[in-house]
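Asker: Below: one structure in structure tokens.
Since every read-out is calculated from the coordinates, none of them should be taken as a lab result. Everything numeric in this text was worked out from a predicted model, so none of it was measured. FYI the Cβ positions are ideal-geometry reconstructions off the backbone, even for glycines, and counts take in every protein chain you see.
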Amino acid sequence: MAHFNFHSLKTLSWVVVGIFLGGSLLVTIGIFALGGFELFKFLYVTLLQGFGMGMVITAVLFFLIRAVWRLHALPMGIALIFVLVGLSMFISVSVGRLYALQYPVYVESFGPGSGPGLPLKNVIGFFSHIDQFARVSDIARNPNDVPPPITVLDPEADARATFEMIESLSASGTLEMVASTTPPEDGGTVRELHLETTEVLAEIAPGIMHNYWTFNNTVPGPLFRVREGDIVKVTIKNNETSLHHHNVDFHAVTGPGGGGKVSVVAPGETKEFTFKALNPGLFVYHCAVPNMAVHMAHGMYGLILVEPKEGLPAVDKEFYVMQGEIFTTGTIGRKGLQAFDAKKMMASTPTYVTFNGRPDGAVGKMKAEVGDRIRMYVGNGGVVHNSSFHVVGEIFDTVYPEASIGGAMFKNVQTTNVPAGGATIVEFTVDYPGTYVLVDHALMRADKGAWGTIEVTGEADSTIFDGDFSEHSHEGHH
């Protein structure tokens with residue numbers, strides 16, 4: 001009998017080992033079947049981690065089986081079964097409902113539409129279509145990509161000059177004049193905005209890949225520029241490779257859902273709608289298909305500037321910067337393909353906080369000369385944090401608080417608030433050369449990626465600033 005027990009124990013132990021090895025092989029084959037070597041490369045860090053955990057669990061089961069068997073303790077085995085069943089009951093009751101067939105599991109919410117977790121079928125669909133997603137080499141919208149100020153066309157102006165102006169507007173801001181039977185206000189016109197929603201793969205940082213959802217293949221989407229009283233015609237197309245429905249909600253729109261109600265597009269579908277720009281200001285737009293926070297956390301946000309009828313004061317440089325948050329399953333800096341983590345979003349703990357889509361999205365791209373007056377259009381596409389926007393070494397001599405145009409303006413401001421889903425406009429003149437760092441002054445977020453630079457060249461004025469610029473070995477903390 002003892003001989004039988006020993007061989008049965010040995011067989012059962014090897015069965016456990018075989019299940020581990022066979023399961024590992026099946027997972028590897030499944031990954032190659034779904035997405036080939038590229039998917040395997042994206043997931044190698046996660047696979048290595050999973051393989052290591054599988055080894056630990058297998059070893060624990062191996063020793064546990066032997067311990068129970070040697071003690072000849074049937075009651076001990078039954079007790080272990082009770083522990084597993086009881087633990088399962090406790091977890092399922094604690095979360096209210098057993099959200100097991102989604103990623104990540106056990107995430108429930110009470111907002112409009114479905115919760116933030118991704119259904120298992122969506123996860124499988126993503127992996128099986130991974131070869132269809134466009135690869136974007138740089139997801140960051142260039143902060144210099146600002147359409148030029150709008151000039152009201154003189155009907156008596158030269159026809160060629162008029163044509164060139166329309167061509168310039170179209171090229172720089174995906175903005176053009178179109179015919180329409182809807183009359184704009186006096187001095188206004190009809191303007192057409194084009195958006196394409198895409199789901200792409202791009203790097204958060206070198207070696208860290210993420211599935212971004214975008215407007216026009218960048219984060220943020222394009223900055224649009226219209227004028228108070230204009231009729232705006234929006235064309236939105238959902239790229240045929242997308243796996244999800246999308247739409248657009250313009251905070252500048254007076255109407256149901258900010259346009260979201262009439263712009264829901266399935267993959268491959270195109271829709272149009274029009275709105276009148278009634279109020280001047282700088283407004284956020286974003287995808288509003290439930291779960292809205294999930295779509296925004298993937299990168300679907302941007303800004304639209306509605307200039308007042310008289311226009312804005314002239315400046316030398318204009319820049320476009322938008323803060324956002326990325327929630328990944330891996331810790332900050334972890335390599336490989338990083339999936340969206342709904343649990344982190346619900347807990348308000350973004351892995352990365354960025355300017356223009358990635359940690360270096362606004363670094364080394366903005367240039368100015370001493371004496372330039374700068375205007376920055378700053379937005380916040382985050383779903384968790386307000387931004388405490390600050391430029392180190394500069395003072396905002398003019399702030400349009402919360403991007404209000406026509407109301408009170410702030411003067412001589414060090415740091416200004418940019419609410420989640422809001423914006424601001426700041427103006428300042430650069431009087432001294434050097435590199436100026438812009439940050440969210442909740443400075444922990446700079447370590448998560450929320451910083452950029454403006455490089456100013458020109459003659460130094462020692463009456464404004466002077467000191468010893470020699471380098472030393474105590475930069476930062478040691």
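Asker: For THR254, project a label point 7 Å along Cα to C-beta. Then give me every residue of segment 263-306 with its amide nitrogen under 15 Å of that point.
Answerer: Once the point is set 7 Å along Cα→Cβ of THR254, 275-281 turn out to lie under 15 Å by backbone N, inside segment 263-306.
Asker: Ranked highest first by average number of other Cβ atoms within 10 Å, how do 135-146, 209-220, 307-318 line up?
Answerer: Values: 135-146: 17.4, 209-220: 23.2, 307-318: 14.7.
Output ranking for 135-146, 209-220, 307-318: 209-220, 135-146, 307-318.
Asker: Ok, one more. With a cap of 13 neighbouring Cβ atoms within 10 Å, and only residues DSSP puts in a loop, list the GluC sites (Glu not before Pro) found in segment 373-478. List each step's numbers first, then the result.
Answerer: Details: sites: GLU394, GLU402, GLU427, GLU455, GLU459, GLU471, GLU475; in loops: GLU394, GLU459, GLU471, GLU475.
Hits after loop and neighbour filter: GLU459, GLU471, GLU475.
Asker: Between THR415 and GLU402, what is the spin-label point distance in nm, taking each point 7 Å from the Cα along the Cα→C-beta axis?
Answerer: Computed distance between label sites THR415 and GLU402 equals 2.0 nm.
Asker: Which entries in the list LYS237/LYS276; LYS233/LYS448; LYS261/LYS365 go over 30 Å, if you measure between the two C-alpha atoms of each? Before the final figure, lay out the partial values.
Answerer: Values: LYS237/LYS276 21 Å; LYS233/LYS448 38 Å; LYS261/LYS365 37 Å.
Check vs 30 Å cut-off fails for LYS233/LYS448; LYS261/LYS365.
Asker: Could you derive backbone 3J(HN,Hα) for segment 412-421 from the dihedral phi with the Karplus parameters 6.51, -1.76 and 1.60 (θ = phi - 60°), listing whole Hz in sequence and x where the residue is Gly or Pro?
Answerer: 6, 10, 7, 9, 10, 7, 10, x, 4, x
Asker: Would you mind computing, in nm to one decimal, how far apart the modelled labels at ASN216 and SER462 are, each placed 7 Å from Cα along Cα→Cβ?
Answerer: Each label point lies 7 Å from its Cα, and together they span 4.7 nm.
Asker: May I ask for the equivalent-ellipsoid semi-axes of segment 245-338, computed as the square root of five times each C-alpha gyration tensor eigenvalue and listed largest first in whole Å? If you can, show how the numbers build up before the last one.
Answerer: Details: eigenvalues 162, 95, 20 Å².
Calculated on Cα positions only, the semi-axes equal 28, 22, 10 Å.
Asker: Between LEU47 and GLU310, what is the FRET efficiency for a Förster distance of 56 Å, r being their Cβ-Cβ separation, to the nearest 0.05? Each step should come with its number before you reach the end.
Answerer: Numbers: r = 60 Å, r/R0 = 1.08.
Given R0 = 56 Å and the Cβ-Cβ separation, E is 0.40.
Asker: Still on this structure, I have one more. Evaluate the distance, in nm, between pseudo-label points positioned 7 Å from the Cα of LYS343 and of PHE63 along their respective Cα→Cβ axes.
Answerer: 2.5
Asker: R0 = 25 Å: FRET efficiency of ASN142 with THR270, Cβ-based, nearest 0.05? Walk me through the numbers before you get to the answer.
Answerer: Numbers: r = 26 Å, r/R0 = 1.05.
Efficiency, from the Cβ-Cβ distance: 0.45.
Asker: Contour minus end-to-end for GLU203 and ILE19, with contour as 0.36 nm per residue of separation and end-to-end as the Cα-Cα distance? Let's see the in-between values first.
Answerer: On the way: separation 184, 0.36 × 184 = 66.24 nm, distance 3.56 nm.
Fully extending the segment from GLU203 to ILE19 adds 62.7 nm.
Asker: How much net charge surrounds PHE340 when only the other residues with a Cβ under 13 Å from the Cβ of PHE340 are counted, with Lys and Arg +1 and Asp and Glu -1?
Answerer: Numbers: positive: LYS343, LYS344; negative: GLU199, GLU325, ASP341.
Summing Lys/Arg as +1 and Asp/Glu as -1 gives -1.
Asker: At most 11 other Cβ atoms within 10 Å and a DSSP loop assignment: could you name the GluC sites (Glu not before Pro) in segment 197-277 that fit? Present the calculation step by step, with values, prior to reporting the outcome.
Answerer: Numbers: sites: GLU199, GLU203, GLU228, GLU240, GLU269, GLU272; in loops: GLU228, GLU240, GLU269.
In loop regions of segment 197-277 (DSSP not H, G, I, E or B), the sparsely surrounded GluC sites (Glu not before Pro) are GLU240.
Asker: OK, next. Name the chymotrypsin sites (Phe, Trp or Tyr not before Pro) in segment 405-478 that are in a loop by DSSP and that have at most 15 other C-beta atoms within 10 Å, would you? Can you show the working numbers first?
Answerer: On the way: sites: PHE410, PHE428, TYR436, TRP451, PHE465, PHE469; in loops: PHE465, PHE469.
Sparse-neighbourhood loop chymotrypsin sites (Phe, Trp or Tyr not before Pro): PHE465, PHE469.
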